[in-house]
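Worksheet for the structure shown next.
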Amino acid sequence: MAISYFPRRIIQIFQQILPKGWGNIFRRRVRVFTMALVIYLDYKVLQQREKWASNNTLWEKAHERDAKRVLSLIIELGGLWVKLGQYMSTRADVLPDAYISRLKLLQDSLPPRPLQEVCRTIETELGQSMDDLFLDFVKIPLATASIAQVHRATLLNGQEVVVKVQHEGIKKIILEDLKNAKKIVDWIAWAEPQNDFNPLIDEWCKEAPKEVDFIHEAENTRTVSRNLRCKNIERDDKTNANRVDVLIPDVIQSTEKVLILEYMDGIRLNDLESLEAFGVNKQKLVEEITRAYAHQIYVDGFFNGDPHPGNFLASKEPPHRPILLDFGLTKKLSSPIKQALAKMFLASAEGDHAVLLSAFAEMGFKLRLDMPEQAMEITSILFRASSSAKESLETMKSLLEKRAKNMKVIQEKMKLNQKEFKRFNPVDAIPGDIVILSRVLGLLRGLSSTLNVRIVYLDIMRPFAESALQGHISRGPRVNDHWIYDTPVHSDVEAKLRQFLVELGNNDKILGIQVCAYKDGEVIIDTAAGVLGNYDPRPVQPDSLFPVFSVTKAITAGMLHWLVDNG
């Protein structure tokens with residue numbers, strides 16, 4: 001009692017002496033940092049105890065204990081911490097069950113804000129009374145989230161809508177929470193340098209404030225709906241392999257703090273009983289959501305960065321299309337970055353180290369070591385197939401063990417002592433685009449685990465990534481004037497060979513080739529043509545290296561032995 005009373009009394013004293021408004025800020029900061037320290041020490045002590053004796057029960061109790069603490073604090077503070085909790089609640093592939101079961105309550109069931117506050121914001125923003133705006137306004141909210149509350153309503157013309165109303169004072173709270181989160185991440189990076197989450201929090205600090213501007217969200221909603229052709233679904237060419245079948249509500253009206261959208265009747269994805277009752281095919285549903293995100297990322301270069309389960313519905317009418325909601329946090333990609341992301345994906349799918357390193361360089365993703373295998377492993381983890389929550393935890397355990405072995409190899413290669421190794425981070429720079437993309441893939445993977453479906457991202461996303469590079473890689477001689485690398489022609493034989501190679505190239509028989517021949521000690525052919533890879537537009541040059549096994553040496557040696565045996 002005395003221990004818990006002391007910090008509260010300190011907070012009360014500071015609230016009295018600090019300027020108005022600063023007391024609440026100080027209280028939030030103390031609560032956040034105290035909780036972070038308590039949880040950190042709880043797990044650190046358990047790690048030390050495990051050195052003497054392994055005990056899974058102790059870990060389960062610690063997870064349950066700390067998950068309860070985290071949920072209690074998030075509900076108390078609200079703001080950005082709810083966003084963090086929602087993100088954590090979707091990571092059934094990473095976090096223990098104790099955290100998932102508690103934090104998933106944050107997806108849509110926070111304590112509602114007073115109706116008086118909601119009506120005051122609506123009337124102030126729209127400049128009219130509630131009676132002049134709505135025929136009916138349902139007092140009980142459909143959902144209460146970190147930034148806003150959503151109510152169902154009927155306009156004067158009879159149209160069914162939902163009204164999204166921003167919480168009073170939430171913008172100031174969000175900005176303060178970002179500062180606190182940044183300080184915690186800095187502290188973790190200092191205490192555990194190999195767990196540096198600064199790139200993630202830096203990108204979040206840049207993007208999160210946009211979520212409190214509903215005019216911005218309304219425009220994002222229109223853009224994504226237009227890109228995915230949600231209103232032209234019936235007129236679209238059904239043979240288009242990259243066509244997606246999703247729904248997005250129309251925007252009716254928007255101000256900075258109020259957003260009115262078309263009402264769509266759907267089932268929440270965390271309502272497993274209703275999904276079952278309506279006969280929703282969960283596998284097909286999540287596959288279509290994944291295809292929609294692949295389209296946004298690789299085709300449009302404009303995607304929603306917050307795909308947690310609360311931002312999706314399944315339509316009640318067959319074929320139970322996904323309904324996409326909440327476009328406050330979006331990311332726009334430049335054309336070169338979009339192509340680089342596509343190259344990274346396809347290089348990972350094909351195991352092409354050269355293309356992968358080229359894509360990393362184009363994006364500004366820098367590693368401190370020249371180890372292509374490590375780079376390939378990063379993307380293999382990023383694009384790995386989803387699985388059930390139980391299988392995912394086993395996979396994560398295996399990945400952590402593999403990471404520990406790889407870090408050991410790095411330690412030996414760089415000859416680092418234990419102290420230097422502890423503070424070494426193999427990643428030098430992570431671009432913000434990769435941060436948001438990894439967050440999106442993490443949330444989608446968490447959604448798959450929650451619904452217990454398996455999604456193979458390399459298969460589903462591949463056609464969209466390939467379409468991003470169409471027109472940017474000139475493979476054949478017909479469209480590439482420099483398909484034959486510009487080197488002198490050494491003989492008539494080489495001139496004829498080049499004509500033959502052009503024919504093969506025009507018929508897509510050759511991607512890239514090198515031919516070199518000597519006669520009587522003189523070069524008579526030294527020709528290079530084509531490109532280095534399916535998704536690598538760099539030309540093949542005479543000195544380009546290819547990771548292939550030379551079969552001719554073995555054949556020549558065998559023939560030589562045969563000749564010797566025959567005298």
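Listed by chain and number, the aspartates and glutamates whose alpha-carbon sits under 14 Å from that of residue 496, ignoring those within fewer than 8 places in the same chain, are 526.
To the nearest ten degrees, helix 198-207 and the longest principal axis of the Cα atoms of the chain are 60 degrees apart.
Taking amide H as placed 1.01 Å from N in the peptide plane, residue 485 has its amide H under 5 Å from the amide H of 528, 529, 530, each at least 5 places away in sequence or on another chain. Within the accessible area of segment 142-231, the carbon and sulfur atoms contribute 59%, probe 1.4 Å, all protein chains present. For the residue pairs 164/331; 179/338; 61/397; 61/206; 83/164, the C-alpha atoms sit more than 27 angstrom apart in 179/338; 61/206.
For residue 556 and residue 491, the FRET efficiency from 1/(1 + (r/R0)^6), where r spans their Cβ atoms and R0 equals 22 Å, is about 0.40.
Looking at the chain, the accessible area is 53 square angstrom per residue; that uses a 1.4 Å probe and ignores ligands, DNA and RNA. Computed with every protein chain present, the accessible area of residue 348 is close to 20 Å² [probe 1.4 Å]. Centre-to-centre, using Cα atoms only, segment 507-528 and segment 158-219 are separated by 57 Å. The sum of -39500 (n - 2.57) across all DSSP H runs of n ≥ 4, divided by the residue count of the chain, sets its helix-only mean residue ellipticity at 222 nm to -16500 deg cm²/dmol.
For segment 71-201, the Kirkwood hydrodynamic radius from C-alpha pairs, put into Stokes-Einstein at 10 °C and a viscosity of 1.306 mPa s, yields a diffusion coefficient of 94 µm² per second. Candidate cross-link partners of residue 316 among the lysines, defined by an alpha-carbon separation under 19 Å and a same-chain spacing of 8 or more, comprise 231, 282, 284. With everything on Cα atoms, drop me the angle between helix 115-126 and the longest principal axis of the chain, reported from 0 to 90° to the nearest 10. Approximately 60 degrees, to the nearest ten. Pairing the Cα long axis of helix 282-294 with the longest principal axis of the chain, what angle in degrees results, from 0 to 90 and rounded to the nearest 10? With both axes taken from Cα atoms, the answer is about 70 degrees. Taking a sphere under 15 Å around the Cβ of residue 526 and counting the other residues whose Cβ falls inside, with K and R at +1 and D and E at -1, yields a net charge of -2.
Between residue 267 and 314, 315, 316, the built amide H atoms are under 5 Å apart, and every one of these is 5 or more places off in sequence or on another chain. Taking a straight Cα-Cα cut-off under 15 Å and skipping sequence neighbours fewer than 8 places away in the same chain, the aspartates and glutamates within cross-link reach of residue 210 are 176, 177, 202, 219, 256, 306, 326. Of the accessible area of segment 288-394, computed with a 1.4 Å probe over protein heavy atoms only, carbon and sulfur atoms account for 53 percent.
The values are calculated or read from the model by the stated rules, or taken from the named source; none is laboratory data. In this text the structure is predicted, and so the values were computed from the model without any measurement. Ideal geometry is used to build each Cβ from the backbone, glycine not excepted, and the neighbour counts take in all protein chains shown. Just the protein is used for accessible areas: all its heavy atoms, side chains included, with ligands, DNA and RNA removed. Shrake-Rupley method; radii C 1.70, N 1.55, O 1.52, S 1.80 Å.
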